[in-house]
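A short write-up of the structure that comes next.
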Amino acid sequence: MSRTPKERAQDVAFAQDLAQNTPDLLEVAASYDLADFKAAVEHARRPAKSGTVLLTTPRTADSGHGAA
């Protein structure tokens, strides 16, 4: 929390870039549609969960992004 808002924004952008461009770096436990966020949260809270739980949205021509 000692990082400035600009530094934190840069960190988030870096992490997002890694996730989008080198997904093999992340172990994915499951992917859930954004509409199923409650199920995703429940999965993420499982004690024996291994990997990242992803929330996804449908790709649109405007966004170019499909995972959050």
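For the reader, a short list of remarks on this structure follows.
- Under Karplus coefficients 6.51, -1.76 and 1.60, residue-wise ³J(HN,Hα) of segment 14-30 in Hz, glycine/proline x: 5, 5, 5, 4, 4, 4, 7, 9, 9, x, 5, 6, 9, 8, 9, 7, 5
- Distant-in-sequence amide H partners of Tyr32 (H built 1.01 Å from N, under 5 Å): Leu54, Leu55, Thr56
Only the coordinates and a few stated rules stand behind these numbers; no lab work does. What you see is a predicted model, and the numbers here were worked out from it, not measured in a lab.
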